[in-house]
Amino acid sequence: MERLVSSVSRPSIGSIRCLPQLMLNVRGAHKVHRESFLNASSSNYIDEMYEQWSKDPHSVHKSWDLYFRNQVYQRPPTLGVNPPSPALTQYYQMTGFLQQQPAAASQQQTQLQTISSGTGGVQELPLDMKAIQDHMAVQALLYGHHEAKLDPLGILEADLSGERPEGISLSSHKLNESDLDRKFILPPITFIGGQEKELSLREIIRRLEDVYCQTIGLEYMYINSYEKCNWIRQRFEDPEQKKLGIKDIERAVKRLIRASKFEDYLKKKWSSEKRFGLEGCEVLIPAMKMVIDTAAGKGVDTIIMGMPHRGRLNVLANVTRKPLEELFCQFDPKLEPSDVSKKTPKSYIVGTGDVKYHLGTCIERLNRASNTMVKFALVANPSHLEAVDPVVQGKTRAEQFYRGDKAGDKAMSILLHGDAAFAGQGVVYETFHLSDLPAYTTHGTIHIICNNQIGFTTDPRMARSSPYCTDVARVVNAPIFHVNADDVASVLHVAKVAAEWRCTFKKDVVIDLVCYRRQGHNETDEPMFTQPFMYKKIHKQTPVLKKWVDQLISEGTIKQDWYEAEEAKYQKILDDAFANSKSPAYAKDKNWLDSPWKGFFTGKGPFPYPKTGISEETLKTIGVKAHELPEGFALHRGLKRVFENRAKMLQEREVDWALGESMAIGSVLLDGHHVRISGQDVERGTFSHRHHVLHDQDKDLVFHVPMNYLSPTQGHYTICNSSLSEFACLGFELGYSTTNPNSLVIWEAQFGDFANTAQCIIDQFISSGQAKWVRQSGICLLLPHGYEGQGPEHSSARLERFLQMADEDEDQVTEIKETKHLHHNDLAMYQLDDVNWIIAHLTTPANYFHILRRQLALPFRKPLIMMSPKSLLRLPECRSSFDEMTTGTTFKRIYQEEGAASQNASDVKKIIFCSGKTYYDLYKERANNKLDTEIAIVRIEQLCPFPFDEIRKELEKYNNAKVCFAQEEHKNMGPYTYCKPRLACLLRSMNDARAGEINTCYAGREAAAATATGIKSSHYLEQKTYMQQAMAF
């Protein structure tokens, strides 16, 4: 039950919030000033209403006018009203409460309240203060959850407090035993009376205890909606709502048999294997199935789920109904995936795979309760327990978008959690804060917590500071339903109500299954080391299946022989599946794909390297349309200059970085593809360069996105500023990108330096997702990177870390291997297909244009990691001609030297390899030193996969030149440590003596702990020093 309001007997504005709202519909009224006073939730708000009322009583809602006219208003902290306000008295008059009092008592206890108001004259109202206070005290008993019997073991209070709350006792409300037989009119906010309008206090307490103090505890009174609170009350206070039909009971028993016997079978067959079983919370399976049945009955046909490892195998087997043969074969160490070609050497497998309790799946099957087809996607997850949360939300949002499911009526997400992780991991909070954002909402998620009251070996009293592990959900006003997991009927009721809530209000809801963990953290762990008392209780605890079945049989609800027949039936299913699982036919990697792309991987090649240029006419059309405004739209005067400059560039047939990006995105949209860009400040761009969302300077909340008006047949363009989060927001976009391969999904960091806040998503999902889970993604990360003297947190996207995670061998010059890939005859394509992700550090808008278009032109998908520029956004030299972007052109993996040095290659004394912004510094320094004929500069645009073949040509061309690598980063950072061994390897393969010199020729900053200096003078000195190193022979 809701936490008690201790001051209920002295009603205040805060306590009035739980009463019915006296709403008056005033058309055309201002939203704030016309809101009922019963909605007030802060003293500042009340002050504002009073100030407005004092100026003009007609400017506020009538209920506020009534309140201020008939009461002496006092500012906080003395807002409490004693006696209650006339408005409250009016409420009691409306409900007939005052009429129930005996006349004599009324005369003795009546007070005359004569209050002058500025405009209302004098009014006298009779108040039976003792009756009202008693009545309010009784109302307080409606709310309280601390007394619920939630722990199946009877050891801990779910709120970690062993004390009985003061507000629950009669004395705390100035009531005593003699009041128990007094009758009270039941307020309309409760449904415990059924058809009865009044009950004795004794009966009120009994009924309330039956609802709120047994095996269900409810938290919801913080929700600022009378309608929603009343909706919840009705479903828990009305006893008819909780009744289960015989079909529901039998279905639940079958599901509980499956959940329990599945765990028993795994334990018997593979006793020493880790499986992170569900013992102690087997009721999760019937609970999830009830959620799904209820949602499916209301039209939901796609369920996207995320969960940690505990119970995953059981969910796969008994919720998604993944074939048991496919599950059991994962326990066989001798079986290899049968969908790997026999020609494939054992040293190469399609992926490195993952442990069975991390794997996902995607299955569509008939839901028998609703008789509809439902698609289940269980998203793969690493051991980082809550990391999958935003990924699931992004995938769900994408599913809703592509289906035009604007209200979440068809696709829905379910997230499973552990109690310690839900309370302890920040990504839970970050993900909750996406739940109502327009560009991120999935229209409600059902959260189910397997609250086994322990985190690995940590007692909850040492693991969280909040009373409940669920308290984080209160930040979004999600109702929280705590339930004892050993009371199956209550669990099923809670699950049904949760699903109905989500489908009705399209808001998040939390089910807290208070249970226990029968084994240790895993099946080989000894929990008695740290929780001896708890596990002595657990060892004596009767399993929930036996407890519930014995009860049902004793009540005559089900028959013993029926139960035994169902048990034997499932046992045979398990035995048959185990026998079949020894066949290699069931060991296929593709069976564990959580995001299959039907019709995408068609052809076997060979695939040519894609040409990504477009017609000049299309370039001009995009350039013009992307800057057109609606009639009467007031554009910022600074943007007028920007647009004028872009128009001038179009006339000169050239683009800067921002215009090149618009050309790429616009062309993808014109091809009919969806584009989504998100991140902090992306609408304008961190560096005020993009301006894809224009705001009317004269009208509030009027904006225009020109890129959505290029053509009637174009794809939809979504560009949205995100919350100030990297972890959840990047995870969300990753999930979004896995749903449809024909969309361009981009996440841009505010500065690349901040991307490491999302390192878990980068490490566990993006870099390794295909290897572990056979799941591809074409997500693009734009990470602003460059040393311009802005200090250690605004200079480096940590390029070296991304390069370090590339799965390319630095000691092997890449060659096409026929035994590995038969569908490529182009080395560049072979490399792109073979590598885990693409990493680029570009120097021209044209190459940026091409690499974005190439993401969708490839016959496969790879994540693209881009070090995007900052100062280059406005550098006059950093522009590209239309000639580099028109039909027939393509992405350049390197830029060769095209100056004077290229005309006399044999005379060149030094060849410098570099990437990114530093090229322009080197180019300028070379000119200043008049070394144009002696130094050749080669830009490596695509660092990974490393362009061995093209760099070989440059090394052969400048065979007399000393080889040097230059970078603006520190020596232990940047691309140097990645490129140096590859250059050396390539030179060795060429039998080139320069292979031994590569270690001695470096131009860049010295090794350091911080990414950059914060002292301007030091920055300039470092820049000058490494330029001198680069120009020296």
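So here's what we get for this one:
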{"item": "Test: residue in region 737-749 that is open to solvent by less than 10 Å² (accessible area, probe 1.4 Å), in a helix (DSSP H, G or I), in contact (Cβ under 8 Å) with a residue 40 or more places away in the chain and hydrophobic (A, V, I, L, M, F, W, C)", "result": "no"}
{"item": "Conditions (1) closer than 23 Å to A1030 by Cα; (2) touching a residue at least 60 places away in the same chain (Cβ under 8 Å); (3) surrounded by 21 or more Cβ atoms within 10 Å (Cβ to Cβ); number of the one not met by K909", "result": "(3)"}
{"item": "Given (1) buried (at least 18 other Cβ atoms within 10 Å of the Cβ); (2) modelled with pLDDT under 90, index of the condition T602 fails", "result": "(1)"}
{"item": "Condition met for I232 (part of a helix (DSSP H, G or I), surrounded by 17 or more Cβ atoms within 10 Å (Cβ to Cβ) and outside the structural domain of E564 (by the TED database))", "result": "yes"}
{"item": "Identity of the residue in region 699-711, of a type outside the set (A, V, I, L, M, F, W, C) and at pLDDT below 95, that ends up most open to solvent (accessible area, probe 1.4 Å)", "result": "D700"}
{"item": "Candidate set: region 879-904, residues that are hydrophobic (A, V, I, L, M, F, W, C) and in a loop (DSSP other than H, G, I, E, B); chosen: the one farthest from the chain's Cα centre (by Cα)", "result": "M885"}
{"item": "Filtered residue count, region 605-651, keeping only those that are under 21 Å from G888 (Cβ atoms), surrounded by fewer than 17 Cβ atoms within 10 Å (Cβ to Cβ) and in contact with a strand residue (DSSP E or B) (Cβ under 9 Å, 6 or more places away or on another chain)", "result": "2"}
{"item": "Test set (1) part of a loop (DSSP other than H, G, I, E, B); (2) open to solvent by 10 Å² or more (accessible area, probe 1.4 Å) - R853 fails condition number", "result": "(1)"}
{"item": "Checking F732 against (1) open to solvent by less than 20 Å² (accessible area, probe 1.4 Å); (2) out of contact with any strand residue (DSSP E or B) (no Cβ under 7 Å at 6 or more places or on another chain); (3) part of a loop (DSSP other than H, G, I, E, B), the condition it does not meet", "result": "(3)"}
{"item": "Qualifying residue in region 508-515 (condition: open to solvent by 60 Å² or more (accessible area, probe 1.4 Å) and closer than 23 Å to K243 by Cα)", "result": "no"}
{"item": "Checking L875 against (1) in contact with a Ser or Thr (Cβ under 9 Å, 6 or more places away or on another chain); (2) farther than 18 Å from I766 by Cα, the condition it does not meet", "result": "(1)"}
{"item": "Subset of region 430-467 that is in a helix (DSSP H, G or I) and at pLDDT 95 or above - its residue that is nearest to E726 (Cα to Cα)", "result": "E430"}
{"item": "Residue pairs meeting the criteria (Cβ under 8 Å; at least 6 apart or on separate chains; first farther than 16 Å from Y402 by Cβ, in region 436-450; second of a type in the set (K, R) and open to solvent by less than 10 Å² (accessible area, probe 1.4 Å))", "result": "G444/R502; T445/R502; I446/R502"}
{"item": "Among the candidates I719, I761, residue that is outside any helix (DSSP H, G or I), open to solvent by less than 30 Å² (accessible area, probe 1.4 Å) and either under 26 Å from V835 (Cα atoms) or in contact with a strand residue (DSSP E or B) (Cβ under 7 Å, 6 or more places away or on another chain) (or both)", "result": "I719"}
{"item": "Members of region 772-816 that are assigned to a helix (DSSP H, G or I) and either under 29 Å from D681 (Cβ atoms) or open to solvent by less than 30 Å² (accessible area, probe 1.4 Å) (or both)", "result": "W773, L799, E800, R801, F802, L803, Q804"}
{"item": "Selection status of Q453, open to solvent by less than 40 Å² (accessible area, probe 1.4 Å) and assigned by the TED database to the domain that holds D354", "result": "yes"}
{"item": "Any hit, region 1004-1013, residues being free of Cβ contacts under 8 Å to residues at least 24 places away in the same chain, of a type in the set (A, V, I, L, M, F, W, C), closer than 15 Å to G789 by Cα and surrounded by fewer than 23 Cβ atoms within 10 Å (Cβ to Cβ)", "result": "no"}
{"item": "Failed item in (1) free of Cβ contacts under 8 Å to residues at least 40 places away in the same chain; (2) buried (at least 23 other Cβ atoms within 10 Å of the Cβ), with P869 passing the rest", "result": "(1)"}
{"item": "Scan of region 525-584 for residues that are charged (D, E, K, R) and either open to solvent by less than 30 Å² (accessible area, probe 1.4 Å) or touching a Phe, Trp or Tyr at 6+ places or on another chain (Cβ under 7 Å) (or both), ordered by number", "result": "E566"}
{"item": "Some residue of region 147-168 being polar (S, T, N, Q) and more than 39 Å from the chain's Cα centre (by Cα)", "result": "no"}
{"item": "Selected residue [part of a helix (DSSP H, G or I), surrounded by fewer than 21 Cβ atoms within 10 Å (Cβ to Cβ) and modelled with pLDDT under 90] from D264, D210", "result": "D210"}
{"item": "Every residue from region 681-696 that is in contact with a helix residue (DSSP H, G or I) (Cβ under 8 Å, 6 or more places away or on another chain) and either in a loop (DSSP other than H, G, I, E, B) or at positive phi (or both)", "result": "G685, F687, H689, R690, H691, H692"}
{"item": "Members of region 660-688 found to be out of contact with any Lys or Arg (no Cβ under 6 Å at 6 or more places or on another chain) and of a type in the set (G, A, S), listed by number", "result": "G660, S662, G666, S667, G672, S678, G679, G685, S688"}
{"item": "Residue check for K957: within 47 Å of the chain's Cα centre (by Cα) and open to solvent by 10 Å² or more (accessible area, probe 1.4 Å)", "result": "no"}
{"item": "Residue count, region 303-338 (criterion: of a type in the set (S, T, Y) and modelled with pLDDT of 90 or more)", "result": "1"}
{"item": "Condition broken by I249, with the remaining ones in (1) over 31 Å from the mean Cα position of the chain (by Cα); (2) within 20 Å of Y570 (Cβ to Cβ); (3) open to solvent by 30 Å² or more (accessible area, probe 1.4 Å) satisfied", "result": "(3)"}
{"item": "Any chance F946 is assigned to a loop (DSSP other than H, G, I, E, B), outside the structural domain of L852 (by the TED database), within 30 Å of E616 (Cα to Cα) and touching a residue at least 40 places away in the same chain (Cβ under 8 Å)", "result": "no"}
{"item": "Meets criteria (in contact with a Phe, Trp or Tyr (Cβ under 9 Å, 6 or more places away or on another chain), outside any loop (DSSP other than H, G, I, E, B) and not hydrophobic (A, V, I, L, M, F, W, C)) for R939", "result": "yes"}
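The values are calculated or read from the model by the stated rules, or taken from the named source; none is laboratory data. Source: prediction; values computed, not measured. Glycine gets a Cβ as well: all are built from the backbone with ideal geometry, and neighbour counts include every protein chain shown. All accessible areas refer to the heavy atoms of the entire protein, side chains included, with ligands and DNA or RNA removed. Shrake-Rupley method; radii C 1.70, N 1.55, O 1.52, S 1.80 Å.
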